[in-house]
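Below is one structure, written out as C-alpha cells; comments come after it.
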Amino acid sequence: MLGTMEELPKDYRNSLASAGVTPLWPMMRKALPYGAPEPVSAPGFWTYESLRPLLMQAGELTPVEKAERRVLVMSDPGRGPGAMQATASIYLGLQLLLPGETAPNHIHTPSAARIIVEGEGGYTVVDGEKLPMDEGDIILTPGGEWHEHGHEGTEPVVWLDALDLPIIFYLEGSYSREGKDQSPRNRPDASQVEYLASGLAPVREKDVVSRPYPMVRYPWVRTEAALLELAKYSDNGVAELDYVNPETGAPALPTLGFTAMYLPGGQTLAPPLRSCSSAIHVVKGRGRTTVNGETFDWGPKDTISVPVFAEVTHETSEDAFLIRVHDRPIQETLRYYEERKR
Ligand code: 1HN
C-alpha cells in the first residue's frame, strides 16, 4: 500500500501547498492504474427519435445567427449533464440547418467530420470546394481549413458532428477565427472528379505536392457498395472499411479515424477490447449492442458511445450499416494503441 495524504502531518501538507508542490505517492495509482485505464467515460446511447424533436425545437427557439452552429452536444453519462464531450477524446453533436440558412465561414484548430443524418440540399464549403451533403456521407473539415455550411433544399438538414475538440481543448490549443464567405469553385468536389476509383490518383507535376487533405467528402453510395462487395467474400458476412486519405493511406484525420461496418442480420459480433474510445452511428438497420453490460436497442440514425477498453457485443436483427468514429489514430501516433482478444 502506498502512503496516503492523510498520513502526512497537517502542517507538512500546508507547507507543501505553500511551496507549490504536491506529493506524488498518494496519487500514484490514480495517475497510473494497474493493468488498464480506469475511464471516467460511461457508455452512452442517443436515439434519433428522442433528439430530433429537441433539435427541431432549437430551430424554433434559436435563429442560426444567434447560434453560429445550432448543435445539441451529446454529454458523456460518466461526466454528467453539461459535458461537452461523449468520450475523453470525442465530441459529438447533432447539428440542424433549416432551408435557406447558412452557418458562417470560420477556421479553427480542432478537426471535425460530419456524418449526414437527414435531408437533402445541404452543403459544406471547405477551402473553396463545395461539397453536397447526402445521407451517410462523411465530410471532413480538418483543423486549419476554412469551412461554412449552407442549405438549398426545402426540408431540415441534420448531421452528426464528430470533433477532436476535447483533446485540443485539453492541450489549450482550441481557438477559431471568422472569415468572409468563401467563393466556391465552380466544379464538383474531388470525390466526384479526382478520386473516382480506388487506386487511381491524379498525375502531379514534378515537385508539386498534393493538398494535405485532397479529398474531404466520402460519398455514402460508394462506401455501401464497397462494403457489400467485400462482405460477399468474408467468412462471417461482416465487412469493415477504413476511411483513408486517398494519396497517403493515412487515417482521414490526424486524431480521429472512421470505419464503415456492414453486419448482416442475425449476426453476433464481439470485437476485441480496444484501447481507443469510439462512437458508433447507425446509418441503416437494427440491432442490439451491449457495452460493458449496458444494452442498447438501436435503429437508423441512433448513436452509441464506447469508452476505452469496453466490452462490446453487437447482435443484428436486420442487415446493418454502421460508422464507427474512434481515436485510434492519435493512439497510434503516441504508440499505445492496443487490442485485447476476448
Ligand atoms: C464547428 O465548427 C462545427 O463547423 C460544428 O459545423 C461543431 C463544435 C465545436 C467547435 C466548432 C461546424 C463545432 C464546431
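The values are calculated or read from the model by the stated rules, or taken from the named source; none is laboratory data. Since we're looking at a predicted model, the values are computed, not measured. Heads up, the Cβs are rebuilt from the backbone with ideal geometry, glycines too, and the neighbour counts pull from every protein chain shown.
What number of residues within the stretch 182-231 are of a type in the set (Val, Ile, Thr), under 24 Å from Phe321 (Cα atoms) and at pLDDT below 95? Full working, then the answer.
Our first condition is that a residue be of a type in the set (Val, Ile, Thr); within the stretch 182-231, this holds for 193, 203, 208-209, 216, 221, 223.
Now drop any that are not under 24 Å from Phe321 (Cα atoms), which leaves 216, 221, 223.
From the residues that got through so far, the ones that are at pLDDT below 95 too are none.
Total meeting the criteria: 0.
Need at least 2 residues that are touching a helix residue (DSSP H, G or I) at 6+ places or on another chain (Cβ under 9 Å) per element, so show me which strands (runs of 3 or more DSSP E) inside the stretch 1-98 make the cut, counting only ones lying wholly within it. So that I can check it myself, show each step before the final result.
Details: elements: 44-46, 71-73, 91-97.
By residue number, 71-73, 91-97.
Quickly run through the stretch 1-48 and pick out the residues that are touching a Phe, Trp or Tyr at 6+ places or on another chain (Cβ under 8 Å) and either closer than 30 Å to Pro77 by Cα or charged (D, E, K, R) (or both). Step through it out loud before you land on a result.
If we filter the stretch 1-48 for residues that are touching a Phe, Trp or Tyr at 6+ places or on another chain (Cβ under 8 Å), which is where we start, we get 2-3, 36-37, 39, 43, 45, 47.
If the condition is that a residue be touching a Phe, Trp or Tyr at 6+ places or on another chain (Cβ under 8 Å) and either closer than 30 Å to Pro77 by Cα or charged (D, E, K, R) (or both), then Ala36, Pro37, Pro39, Pro43, Phe45, Thr47 are the ones that fit.
Mind counting the residues in the stretch 125-140 that are more than 12 Å from the ligand (Cβ to nearest atom) and on the phi < 0 side of the Ramachandran plot?
Initial filter on the stretch 125-140 (more than 12 Å from the ligand (Cβ to nearest atom)): 127-132, 134-138.
Checking the rest, the ones that are also on the phi < 0 side of the Ramachandran plot come to 129-132, 134-135, 137-138.
Counting residues in the stretch 125-140 that are more than 12 Å from the ligand (Cβ to nearest atom) and on the phi < 0 side of the Ramachandran plot gives 8.
Does any residue in the stretch 316-331 that is surrounded by 20 or more Cβ atoms within 10 Å (Cβ to Cβ) come within less than 9 Å, Cβ to Cβ, of a residue that is of a type in the set (Asp, Glu) six or more places away or on a different chain, and which pairs are these?
Cβ pairs passing all conditions: Phe321/Glu224; Arg324/Glu240; Asp327/Asp164; Ile330/Asp164; Gln331/Glu338.
Among the residues of the stretch 99-119, count how many are part of a loop (DSSP other than H, G, I, E, B), more than 13 Å from the ligand (Cβ to nearest atom) and crowded, with 17+ Cβ neighbours inside 10 Å. Give the steps one after another, and end with the answer.
Initially, the stretch 99-119 is screened for residues part of a loop (DSSP other than H, G, I, E, B), giving 99-101, 109-111, 119.
Checking the rest, the ones that are also more than 13 Å from the ligand (Cβ to nearest atom) come to 99-100, 119.
If we keep only those that are crowded, with 17+ Cβ neighbours inside 10 Å too, we end up with 119.
Of the residues in that region, 1 qualify.
With the structure loaded, tell me whether Gly93 is small (Gly, Ala, Ser), near the ligand (Cβ under 10 Å from one of its atoms) and within 26 Å of Asp181 (Cβ to Cβ) or whether it fails that test.
Yes.
Hey, among Gly59, Gly122, which residue is out of contact with any Ser or Thr (no Cβ under 8 Å at 6 or more places or on another chain), among the small types (Gly, Ala, Ser) and within 12 Å of the ligand (Cβ to nearest atom)?
Values: Gly59 fails: within 12 Å of the ligand (Cβ to nearest atom).
Answer to the check: Gly122.
Of the residues that make up the stretch 141-153, is at least one more than 13 Å from the ligand (Cβ to nearest atom) and surrounded by 19 or more Cβ atoms within 10 Å (Cβ to Cβ)? Before you say what the answer is, go through the steps one by one.
Narrowing the stretch 141-153 to residues more than 13 Å from the ligand (Cβ to nearest atom): 152-153.
Applying the additional criterion that residues be surrounded by 19 or more Cβ atoms within 10 Å (Cβ to Cβ) yields none.
No, because not a single residue in the stretch 141-153 is more than 13 Å from the ligand (Cβ to nearest atom) and surrounded by 19 or more Cβ atoms within 10 Å (Cβ to Cβ).
Any idea which residue in the stretch 191-224 is surrounded by the fewest Cβ atoms within 10 Å (Cβ to Cβ), counting only those that are of a type in the set (A, V, I, L, M, F, W, C) and over 22 Å from the mean Cα position of the chain (by Cα)?
Within the stretch 191-224, the first condition is being of a type in the set (A, V, I, L, M, F, W, C), and the residues that meet it are 193, 196-197, 200-201, 203, 208-209, 215-216, 220-221.
If we keep only those that are over 22 Å from the mean Cα position of the chain (by Cα) too, we end up with 193, 196-197, 200-201, 203, 208-209.
Details: Val193: 12, Leu196: 10, Ala197: 8, Leu200: 9, Ala201: 15, Val203: 5, Val208: 7, Val209: 7.
So, considering only residues that are of a type in the set (A, V, I, L, M, F, W, C) and over 22 Å from the mean Cα position of the chain (by Cα), the one surrounded by the fewest Cβ atoms within 10 Å (Cβ to Cβ) is Val203.
Using beta carbons and a limit of 6 Å, which pairs, at least six apart or on different chains, have the first residue in the stretch 80-94 and in contact (Cβ under 8 Å) with a residue 40 or more places away in the chain and the second one near the ligand (Cβ under 10 Å from one of its atoms) and among the hydroxyl-bearing types (Ser, Thr, Tyr)?
Close Cβ pairs satisfying both conditions: Gln85/Tyr91.
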